[in-house]
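J.: First the structure, which I've put down as structure tokens, then a few questions once you've had a look.
The values are calculated or read from the model by the stated rules, or taken from the named source; none is laboratory data. Source: prediction; values computed, not measured. Cβ coordinates were reconstructed from backbone atoms using ideal geometry, including for glycine residues, and neighbour counts include every protein chain displayed.
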Amino acid sequence: MAILEIWQQFIEGMKQTSWLEYIAVITGIISVWYSRAENIWVYPTGLISTIIYIFISFRGGLLGEASVNFYYTVMSIYGWILWAKKDAQQHHVVKISYSSRKDQLIQLGFFAVFYIVIFFALSYLKIDLFPQAIPWADAFASATAYTGMWLMAKKKIESWYWWIATNITSIPLYFVKHYVITSVYYIILLILAVFGLLAWMKKEKSQRYAA
């Protein structure tokens, strides 16, 4: 019975999906595909998706996700600049690498601070402004995404672990908000994130042997 209800909700959600959401989904998938390949086109394609999702998320009461996509937009510009930088020999300055133990602790702290701030902000705003918000889920999806995007700009392999956490959380979050196509979108992103992680680990290993 539960499976039938989920399927019916999925079909109904697909019917209600706007063309704007379809564009956001398609460009978002293309962006993640480019990031897996370490291609700078990750940023211009990603910007299209994030700007659309700011509007969609805000309209649906997903304030945490709206803030994430605003952050994505800003960090996409920052990452675009970093990825485009080259040294005197025309080699890219930023290369795929692992984080040090110290950096990993900083990343956990970064995540914790944003989680706490977003959770309490959404808990307060939920009462009057955003009754559809789910503070703990929105905060977790947002904080992991904030961390992942920051590390992606620096080409840190650990960014993919944070993306995987974001995608796992966002799948049910958007589904219960009736953004079915976006929920499916995050399933696709989850799969791409796993492949992205493996691809970057392989590239980092090749870089070390080449050096």
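J.: Being small (Gly, Ala, Ser) and farther than 13 Å from Lys156 by Cβ is the filter; apply it to the range 93-138 and report the residue that is farthest from the chain's Cα centre (by Cα).
T.: Filtering the range 93-138 for residues that are small (Gly, Ala, Ser) and farther than 13 Å from Lys156 by Cβ, the one farthest from the chain's Cα centre (by Cα) comes out as Ser123.
J.: Does the range 58-72 include one or more residues that are without any contact (Cβ under 8 Å) to a residue 40 or more places away in the chain, in a helix (DSSP H, G or I), over 22 Å from Ile164 (Cα atoms) and under 18 Å from the mean Cα position of the chain (by Cα)? Quick ask: steps written out before the conclusion?
T.: Taking the range 58-72 as the starting set, the residues that turn out to be without any contact (Cβ under 8 Å) to a residue 40 or more places away in the chain are 58-59, 66, 69-70.
From what's left, in a helix (DSSP H, G or I): 58-59, 66, 69-70.
This time we only want the ones that are over 22 Å from Ile164 (Cα atoms), so: 58-59.
Now restrict to residues that are under 18 Å from the mean Cα position of the chain (by Cα): 58.
Yes, that holds for at least one residue.
Residue by residue, here is whether (1) among the small types (Gly, Ala, Ser); (2) within 19 Å of Phe70 (Cβ to Cβ); (3) touching a residue at least 60 places away in the same chain (Cβ under 8 Å) holds:
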residue	(1), (2), (3)
Leu108	no, no, no
Tyr115	no, yes, no
Ile118	no, yes, no
Ile127	no, no, no
Gln132	no, yes, yes
Ala139	yes, yes, yes
Ser142	yes, yes, yes
Met149	no, yes, yes
Met152	no, yes, yes
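J.: Can you name the residue in the range 192-211 that is among the small types (Gly, Ala, Ser) and part of a helix (DSSP H, G or I) and, of all such residues, is farthest from Ala165 (Cα to Cα)?
T.: Restricting to residues being among the small types (Gly, Ala, Ser) and part of a helix (DSSP H, G or I), the top hit is Ala210.
J.: Please determine whether any residue of the range 80-93 is under 21 Å from Ile26 (Cβ atoms) and of a type in the set (A, V, I, L, M, F, W, C).
T.: Checking the range 80-93: at least one residue is under 21 Å from Ile26 (Cβ atoms) and of a type in the set (A, V, I, L, M, F, W, C).
J.: Here's another thing I want to ask about it. So is Ser99 under 29 Å from Phe120 (Cβ atoms), touching a strand residue (DSSP E or B) at 6+ places or on another chain (Cβ under 6 Å) and at pLDDT 90 or above or not? Before you say what the answer is, go through the steps one by one.
T.: Numbers: under 29 Å from Phe120 (Cβ atoms): yes; touching a strand residue (DSSP E or B) at 6+ places or on another chain (Cβ under 6 Å): yes; at pLDDT 90 or above: yes.
So Ser99 fits the description; yes.
J.: Exactly one condition in (1) out of contact with any helix residue (DSSP H, G or I) (no Cβ under 8 Å at 6 or more places or on another chain); (2) closer than 23 Å to Trp80 by Cα; (3) not hydrophobic (A, V, I, L, M, F, W, C) is not met by Lys177; state its number.
T.: (2)
J.: Here's something else I'd like to know. Looking at the range 51-72, can you tell me whether even one residue there is modelled with pLDDT of 90 or more and either surrounded by fewer than 16 Cβ atoms within 10 Å (Cβ to Cβ) or among the hydroxyl-bearing types (Ser, Thr, Tyr) (or both)?
T.: The answer is no; no qualifying residue exists.
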